[in-house]
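Notes to accompany the following structure.
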């Protein structure tokens, strides 16, 4: 996939600079997306109340993947309404966004291997978690295709804040 469109987020006057100088690049944002330790996901309950949980997750081929039981409250919420809000932080850099989620059942072996390797590299050393590709290839994983992402450096928010919008085809 080509890099998403980058511009400034729409915030009230005075929050950020209008000039593009200093905006985070897609390469810098991908570093946040591939190295975050914890992911926060927000879904909407049937009565429209927000539901927020912490997850592990991995970014593979410009898509966010995460695991869990389809019996959980958040998974049931996503089955009814696939819209997701998510956020993560790595050191002083943060990203949050919106995505459309589906359950990817039996991904091809190549993708299953990439997802398993990314989980093992990220969570294996600290949590002894090293899934095998077969876990996804014979099972499922939640796939969140981003539609919009805002990223910034917390120490340089006024110049670093950038919004990335993804082509419609990435969410379909």
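Summary of values
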| item | result |
| --- | --- |
| Close pairs (9 angstrom Cβ cut-off, 6 or more residues apart or separate chains): at negative phi and at pLDDT 95 or above in region 16-30, in a helix (DSSP H, G or I) and surrounded by 14 or more Cβ atoms within 10 Å (Cβ to Cβ) anywhere | 23/159; 23/160; 24/32; 24/160; 28/160 |
| Test: residue in region 79-98 that is in contact with a helix residue (DSSP H, G or I) (Cβ under 9 Å, 6 or more places away or on another chain) and more than 21 Å from residue 37 (Cα to Cα) | no |
| Yes/no for residue 127 being out of contact with any strand residue (DSSP E or B) (no Cβ under 6 Å at 6 or more places or on another chain) and closer than 18 Å to residue 87 by Cα | no |
| In region 27-38, the residues that are in contact with a helix residue (DSSP H, G or I) (Cβ under 9 Å, 6 or more places away or on another chain), assigned to a loop (DSSP other than H, G, I, E, B) and surrounded by fewer than 16 Cβ atoms within 10 Å (Cβ to Cβ) | 37 |
| Checking residue 6 against (1) surrounded by 14 or more Cβ atoms within 10 Å (Cβ to Cβ); (2) over 15 Å from residue 150 (Cβ atoms), the condition it does not meet | (2) |
| Per-region count, region 123-172, residues over 16 Å from residue 56 (Cβ atoms), in a helix (DSSP H, G or I) and either touching a residue at least 60 places away in the same chain (Cβ under 8 Å) or under 16 Å from the mean Cα position of the chain (by Cα) (or both) | 9 |
| Any hit, region 15-26, residues being in contact with a helix residue (DSSP H, G or I) (Cβ under 6 Å, 6 or more places away or on another chain) and either surrounded by fewer than 17 Cβ atoms within 10 Å (Cβ to Cβ) or in a strand (DSSP E or B) (or both) | yes |
| Filter result (surrounded by 18 or more Cβ atoms within 10 Å (Cβ to Cβ) and out of contact with any helix residue (DSSP H, G or I) (no Cβ under 9 Å at 6 or more places or on another chain)) within region 145-170 | 150, 161, 163, 166 |
| Breaking point among (1) in contact (Cβ under 8 Å) with a residue 60 or more places away in the chain; (2) outside any strand (DSSP E or B); (3) within 26 Å of residue 134 (Cα to Cα), for residue 64 | (2) |
| Subset of region 91-114 that is farther than 13 Å from residue 151 by Cβ and touching a residue at least 60 places away in the same chain (Cβ under 8 Å) - its residue that is surrounded by the fewest Cβ atoms within 10 Å (Cβ to Cβ) | 100 |
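The values are calculated or read from the model by the stated rules, or taken from the named source; none is laboratory data. What you see is a predicted model, and the numbers here were worked out from it, not measured in a lab. Every residue, glycine among them, receives a Cβ derived from its backbone with ideal geometry; neighbour counts consider all protein chains shown.
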